[in-house]
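Structure record follows, encoded as structure tokens.
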Amino acid sequence: MAAHRVPPHKIKQREGKTHHIQGDETMYQQPTVLTIAGSDSSGGAGIQADLKTMTAHGVYGMSALTALTAQNTKGVTDILAVPPAFLAAQIDAVFTDIPPDAVKIGMVADAALIRVIAKKLAEYRARNIVLDPVMVATSGARLIAEEAVDALCKELVPRADLITPNIPEAEVIAAMDIKNTADMEYAAAKIYADYGTSVLMKGGHAVDDANDLLVDAAGARWFRGRRIATENTHGTGCTLSSAIASNLAYGMDIDAAVARAKEYLSGALAAGLNLGKGHGPMAHTFDLKSAFIQS
């Protein structure tokens, strides 16, 4: 079939993409999202989960690595942190060529790296910043040093547009215990008042199951979710925050971005991917349709 010719000056807008048609060539632009996080060699979390999530949302994903990890579904066996100067170079390389429409920040275990990120986000006036403040494991063990926790709270939390802490992380940021939904509401309001940053507190960790609480200038509202019976939950925090960042890159408001991200996360969990000998990864591309995927 012959190509339909369109004058070179015509521009077609569709689903957040701008198509520039020049002669026989069609070029287009996508919303762009940068993830600043660590690498997960097993592919279930970290930048690998972020980039898969971004691909599933139709945005162009980019990455700046904070650390290399040797890990799989059973745990982490080694970590190699990236030098601060090299992290800065990665962020410079992205912002000076393909400025992101949104930024997702994941685990940053070193205070010096945190300060580099904060400086660069300010330098480039980054927008739609979603911070997943990875600090505490499900067991309650601290994953980053106390100095890094202080730097995270002082340097990155106030600069983010949205933070997505789980219950243990919210306890650290709010400096209080969270035992029930009333505590969640009080802590989220306290964090917003202290830092001026919107808070999506994830209601897992036996407090309110799959229901999450959003607090910002518009007040507090709950986003109800469905509990998925699976142990394959590796990378859920990375995936949720990346999905929100992707939706913000499209220009969605925060409520729509959160609601759509939760819907996507539920689908990725419910798809039933079963890999590895521990807590396996999710099916990030469960909704991806392609002629190149073998059935």
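The values are calculated or read from the model by the stated rules, or taken from the named source; none is laboratory data. Because the structure is predicted, anything quoted here is derived from the model rather than measured. Glycine gets a Cβ as well: all are built from the backbone with ideal geometry, and neighbour counts include every protein chain shown. For accessibility, only protein heavy atoms count, side chains too; no ligands or nucleic acids. Shrake-Rupley method; radii C 1.70, N 1.55, O 1.52, S 1.80 Å.
See the values below:
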item: When residues of the range 121-149 are limited to those that are part of a helix (DSSP H, G or I) and at pLDDT 95 or above, the one nearest to A245 (Cα to Cα); result: L121
item: First in the range 160-182 and open to solvent by 50 Å² or more (accessible area, probe 1.4 Å), second anywhere and part of a loop (DSSP other than H, G, I, E, B) and of a type in the set (F, W, Y), Cβ under 6 Å, 6 or more apart; result: none
item: Criterion (modelled with pLDDT under 90 and in contact with a His (Cβ under 8 Å, 6 or more places away or on another chain)) met by exactly one of T69, T73; result: T73
item: Single condition G75 does not satisfy, out of (1) in contact (Cβ under 8 Å) with a residue 60 or more places away in the chain; (2) of a type in the set (G, A, S); (3) closer than 21 Å to L200 by Cα; result: (3)
item: Unmet criterion (only one of (1) closer than 25 Å to P31 by Cα; (2) surrounded by fewer than 21 Cβ atoms within 10 Å (Cβ to Cβ)) for L156; result: (2)
item: Odd one out for M62 among (1) in a strand (DSSP E or B); (2) open to solvent by 40 Å² or more (accessible area, probe 1.4 Å); (3) of a type in the set (A, V, I, L, M, F, W, C); result: (2)
item: Some residue of the range 165-184 being within 23 Å of S246 (Cα to Cα), within 22 Å of the chain's Cα centre (by Cα) and in a loop (DSSP other than H, G, I, E, B); result: yes
item: Near pairs, Cβ below 7 angstrom, 6+ apart or cross-chain, from the range 45-72 (under 17 Å from G267 (Cα atoms)) to any residue that is crowded, with 24+ Cβ neighbours inside 10 Å and of a type in the set (A, V, I, L, M); result: D50/A37; T53/A243; M54/V33; H57/A243
item: L275 vs. criteria more than 17 Å from the chain's Cα centre (by Cα) and either open to solvent by less than 20 Å² (accessible area, probe 1.4 Å) or modelled with pLDDT of 90 or more (or both); result: yes
item: Test: Q71 is assigned to a helix (DSSP H, G or I) and in contact with a strand residue (DSSP E or B) (Cβ under 7 Å, 6 or more places away or on another chain); result: no
item: Residues of the range 85-105 that turn out to be closer than 21 Å to L248 by Cβ and either touching a Gly at 6+ places or on another chain (Cβ under 7 Å) or crowded, with 19+ Cβ neighbours inside 10 Å (or both), as a count; result: 9
item: The range 38-56 - residue that is part of a helix (DSSP H, G or I) and in contact with a strand residue (DSSP E or B) (Cβ under 6 Å, 6 or more places away or on another chain) and, of those, surrounded by the fewest Cβ atoms within 10 Å (Cβ to Cβ); result: L51
item: Residue under evaluation G237, criteria (1) open to solvent by less than 50 Å² (accessible area, probe 1.4 Å); (2) within 26 Å of K190 (Cβ to Cβ); (3) at pLDDT 95 or above; (4) in contact with an Asp or Glu (Cβ under 8 Å, 6 or more places away or on another chain), criterion not met; result: (3)
item: Selected residue (only one of A112, A118 is in a helix (DSSP H, G or I) and either among the β-branched types (V, I, T) or open to solvent by less than 10 Å² (accessible area, probe 1.4 Å) (or both)); result: A118
item: Residue match in the range 139-161 (condition: at positive phi and within 17 Å of the chain's Cα centre (by Cα)); result: no
item: Tally, over the range 65-74, of residues that are small (G, A, S) and open to solvent by less than 30 Å² (accessible area, probe 1.4 Å); result: 1
